[in-house]
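Q: What follows is a structure written as C-alpha cells; I'll ask about it next.
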Amino acid sequence: EHWGARVWIPDCVEVWRVAEVTRSYKEGDAVLHLRLEDGSALAYPIESQLPPLCNPDCLSGADDLVALSYLHEPAVLHSLRRRFVEANAIYTYCGVILVAINPYKPLPIYEEEVIYAYSGHEIGDMDPHIFALAEEAYKQMVRFGKNQSLIISGESGAGKTASAKYAMRYFTTVGGCLCDSSMEEKVLASSPLMEAFGNARTTRNDNSSRFGKYIEIGFSQARVTGATIKTYLLEKSRVTFHAKAERNYHIFYQLCASAALPELQGLGLRGAESFHYTCQGQCTAAQSTNDVADLDSTRHAFSLLGTGPARVGRGQAGLVPQGYLSHCPHTSPADKALGLFCMLLGVEASQVMRWLCHRKLVTAGETYLKPLSRQQALDSRDALAKHMYGQVFRWMVSRVNRALRSPEGHRTSIGILDIYGFEMFELNSFEQFCINYANEKLQQLFNLHVFKLEQEEYVTEEIPWVFVDFCDNQPCIELIEGQLGILDLLNEECKMPQGSDGSWAQKLYRTHLSSSHFQKPKTPTDAFVVCHFAGKVEYQCDGFVEKNRDAVPEELVGLLRASKSALLAELFLEEGDGPTSLQSRRSSGPRMAGRPSRRSLPSSQKSKKSISSQVWGGEKNVCWPRTTGVVKILRAYTPAVGLEERISPSFISSVEVRGPSQLLVDTSHLFPVHLPFTTSPLHLDELRIPDALNLAFLVRL
Ligand SMILES: Nc1ncnc2c1ncn2[C@@H]1O[C@H](COP(=O)(O)OP(=O)(O)OP(=O)(O)O)[C@@H](O)[C@H]1O
C-alpha cells in the first residue's frame, strides 16, 4: 500500500529531498526502496521511524499551515518556500501565528489602499498579512471592549521593527485620531526618534534595534487618543564597544556628520572616525544610511513631539561629552578632551579625574581612597559612559511618552511587543541569559494561547476531546525565577561584598544539579546549561555578578547630578525607577566578559535593583495588561545570512532550528486538519488524513 507514496528524506545539502516509494514496505523491513527526483534508486535504511510523508501538491502552499494533512517540519518548510519563491507571498498563517519571511525588497502590499482593503474584513477573507492581524485585534477591541496585544518575535534582521511599524500605521489609519489630529503623526514620529537613539548598524542589519519595546496605542470610541512606549534591555555595552563592521548608536554619527550646523558649534564635534567610541567598527559611514538627512528626521520628530529646537540642541549636547570621555582616564586635568568634557557637563575636571582613577572603599568604620589600575580606570570610564547613555535614552523615551500622552486618557488599548528572539551563540553570557529568560516567558504565553485556549474552545464547542499534555515550560521558568532559583542566587551573590562568579557557580551546582532543566558541563571553566524550550544553552558564569550589579562609581554619578547644566541635572536626578536596561545585551564572547570583582561595594549599590530583576520591569508577570484579550503572534524569519541571500538551504535550516517545528509537533496533537472547502469533490488520494485523527468514516464517505 506504500507503493507510489512520496516521502521526505533528510539531505545534507538540500536539508530535505523528495523521493517516491518503489516497493511496498512491511513492518520490520530494514530498508525502504526509493526513487529520487533525478531518477536514481536509493535503498533508504530505516532506523527508528519511517520518513515523513509528502502532502498532496494541492495542499502544499496553502495559506494556513494547519491545512496540511501532514504537519511536520519538511512539510512546513516546503510550503513556506513554495509560497515565497513562487508567489512572493511572505506571510503564512500557522493557526494563531502569522509567519513572516523578510523579502529584503519593497513589496507593493503596504499602501493605504491595502489598509482599507483589509479594514472591516474577517481574518480568513483575505491573504495572510500583518494588516489582517492588526484588523483582527482592532475589531476585537472595538467589538468587545477588550485590550489586545500583538507579539512580534524573531531573530535579528527578520523584520520585527518593520512589522511593528506597519501595524502602527494600520491603527493610526483606520483609527484616525479623535481630538488631536496630529496625534497619529506623533505616534508615527516616535519611530525615527527611537531608532536614532536605540538602533545601530550590526553585521546582520544596518538598522538593528538594540532594545526591546512595547508600544501601547490607546483608543477611545475606536479612535487613537495617544500611546505609551516601554523599553526593555537596551544594549548599553555598544556605547563603549562595537565589533568590526558595526557601529555605535545612529545618533552619534548623525551629530558628527552634521558638525557644521550653526547650532552644533561650540561642542567641538568632529568626524566620527576621530572618537574611540564611534570608530572601532571602521565603518563610520553605513552604506544604506544618510546620517545628515537622518539627523533632519530626528530633529523633525523631536519638534513634532513638542520638544522645541532649543531643547533638541541641548538634548543632543548631552551626548557629545561622551565622545570626549573616551579620551579621558590617566590624562592630566589640563587635557583638552577632558576640559571639553567637563565644560560641556558643567563639572570640575579635578573631581572627574579623582573619581575616574580612585575608588572609595568603605569598611567597618573606615573610609579610604584606593588608586585604580589603568584597566580599572578604563572600566570606570566605560561604566560612566554607558550609564550616561542609558540616562539619555531614558530621558528621550520619557519625553516621547509625555508627548504621546492623551489628555483624556483611553478606554482600551492595543499593545505591540517587538522583542528579540532566542539567542544561542558559541559563548553565551549574562546577556543571552536575560534574553532567553524573556523568551521563556513569551513561550509560556504562546502555550497559553495555542494550547490552553484552543482546547477550551473545543470544550465550548463540545468537540469530543482528550486534553493534550503540551510541552509546558513552567519547570524551566521556575528554575530561573523561583525561590533559590538561578536569579535568586545571583542576586544574593551580588549583595555580598566578596561575591564572585565562582562562588555563585558552586551554589548553583549545589542547589540545582538534580533539576531536570539544569546541567553542569564537563568544561574546566565555571559554566551551566539550561534546557530551554528551544534547546540547551551553555552559559559561561564569568561576568554574571559584575554585569548584574551594573555598578557605576557613585561619586561620578554624584558629580553629574550636581552639574551646573539644567539638562544634565534633570537627566541624572530622575534616576532610580527608569526603564529596564541591560548593560551589555548581546556581547557574546570573552572580549566582554567582566572581571570578577573582589572590592567592597559602594553603599549605594547595595540597595540598587539588579539588572536581572528588571527583565520584566521588575515583575515576574509579563508586561502587558492582565485584561488583554486575544493575543496575536507574528514570528518573523530572515532568509539572509549575507543580506543578498534569499531562499536557500541555509534559510531552510535557520527556520528549522529556530522555527515553529516544536510548536508544530505540539500543535499536531491538537486538531491540525482543516479540510479545504471545495465545490468539486476531492480525489481520495488528495484526502490523506492522519490515522491519529480517527476520521476513517470520512474516507468511507
Ligand atoms: N515586510 C518587509 N518588506 C520589505 N523589506 C523588509 C520587510 N521587513 C523587513 N524588511 C527589510 O529588512 C530590514 C531589517 O528589518 P527590521 O529592522 O525590521 O528587522 P528586525 O527583526 O527588527 O531586526 P533587529 O532585531 O536587528 O532590530 C529592514 O530595514 C528592511 O529593509
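Values in this text are rule-based calculations from the coordinates and carry no lab data. This structure is a prediction, so every number in the text was calculated from the model and none was measured. Heads up, the Cβs are rebuilt from the backbone with ideal geometry, glycines too, and the neighbour counts pull from every protein chain shown.
Q: Of the peptides 403-415, 157-169, how do they stack up when ordered by the mean number of other Cβ atoms within 10 Å, highest first?
A: So the peptides 403-415, 157-169, ranked by packing, come out 157-169, 403-415.
Q: Cα-Cα over 22 Å: which of Lys186/Lys564; Lys160/Lys213; Lys230/Lys536; Lys441/Lys495; Lys236/Lys370; Lys244/Lys386?
A: Too far apart for the 22 Å limit: Lys186/Lys564; Lys230/Lys536; Lys441/Lys495; Lys236/Lys370.
Q: Which net charge results when you count Lys and Arg as +1 and Asp and Glu as -1 among the other residues whose beta-carbon is under 9 Å from that of Ala272?
A: Charge balance near Ala272 sits at 0.
Q: Just subtract the alpha-carbon distance of Ser48 and Met343 from 0.36 nm times their residue separation and send over the number in nm, one decimal.
A: Full-extension gain reported as 98.9 nm.
Q: Semi-axes of the equivalent ellipsoid for the stretch 512-551, please: Cα gyration tensor eigenvalues, times 5, square-rooted, ordered largest first, whole Å.
A: Its equivalent ellipsoid spans semi-axes of 21, 13, 9 Å.
Q: Distance in nm between label sites at Phe144 and Ala260, each 7 Å beyond Cα in the beta-carbon direction?
A: So the two model labels end up 5.9 nm from each other.
Q: His121: net charge of surrounding residues, Cβ under 10 Å, Lys/Arg +1, Asp/Glu -1, itself excluded?
A: That works out to -3.
Q: Would you please classify the overall shape of the stretch 223-265 from the alpha carbon gyration tensor, given that a ≥ b ≥ c denote the square roots of the eigenvalues, rounded means a/c under 1.5, and beyond that prolate means a/b larger than b/c while oblate covers the rest?
A: Oblate.
Q: Something else: Taking neighbour Cβ counts within 10 Å as the exposure measure, how do Arg81, Arg204 sort from fewest upward?
A: Lowest count first: Arg204, Arg81.
Q: Counting only C-alpha contacts under 8 Å and six or more residues apart, can you give the relative contact order of the stretch 1-54 as a whole percent?
A: Working: 96 pairs, mean separation 18.4, N = 54.
Result for the stretch 1-54 is 34 percent.
Q: Can I ask one more? Between Trp3 and Ile109, what is the label-to-label distance in nm when each label sits 7 Å out along the Cα-to-Cβ direction?
A: In this crude spin-label approximation the distance works out to 4.3 nm.
Q: Using C-alpha positions alone, give me the convex hull volume of the stretch 117-228 per residue in cubic angstrom.
A: 108 Å³
Q: Rounded, prolate or oblate: which one fits the stretch 91-134, using the alpha carbon gyration tensor with axes a ≥ b ≥ c (rounded when a/c is under 1.5, else prolate when a/b beats b/c, else oblate)?
A: Here the stretch 91-134 falls in the oblate category.
Q: In 5 Å bins starting at 0, how do the alpha-carbon pair distances of the stretch 1-54 split up by percent?
A: Bins of 5 Å from zero give 5, 21, 34, 28, 9, 3, 0 percent of pairs.
Q: Using 1/(1 + (r/R0)^6) with R0 = 45 angstrom and r between the beta carbons of Glu122 and Gln474, what's the FRET efficiency to the nearest 0.05?
A: For R0 = 45 Å, the calculated efficiency reads 0.85.
Q: Quick one: go through the stretch 14-33 and flag any residue whose amide nitrogen is under 15 Å from the point 7 Å out along the Cα-to-Cβ line of Asp57.
A: So the set is 18-20.
Q: Then there's this: Let me know the shape class of the stretch 155-288, please: from the alpha-carbon gyration tensor, a ≥ b ≥ c as square roots of the eigenvalues, rounded when a/c is under 1.5, otherwise prolate if a/b is greater than b/c, or oblate. Show your work: numbers first, answer last.
A: Working: a/c = 2.83, a/b = 1.76, b/c = 1.61.
Prolate, since a/c reaches 1.5 and a/b exceeds b/c.
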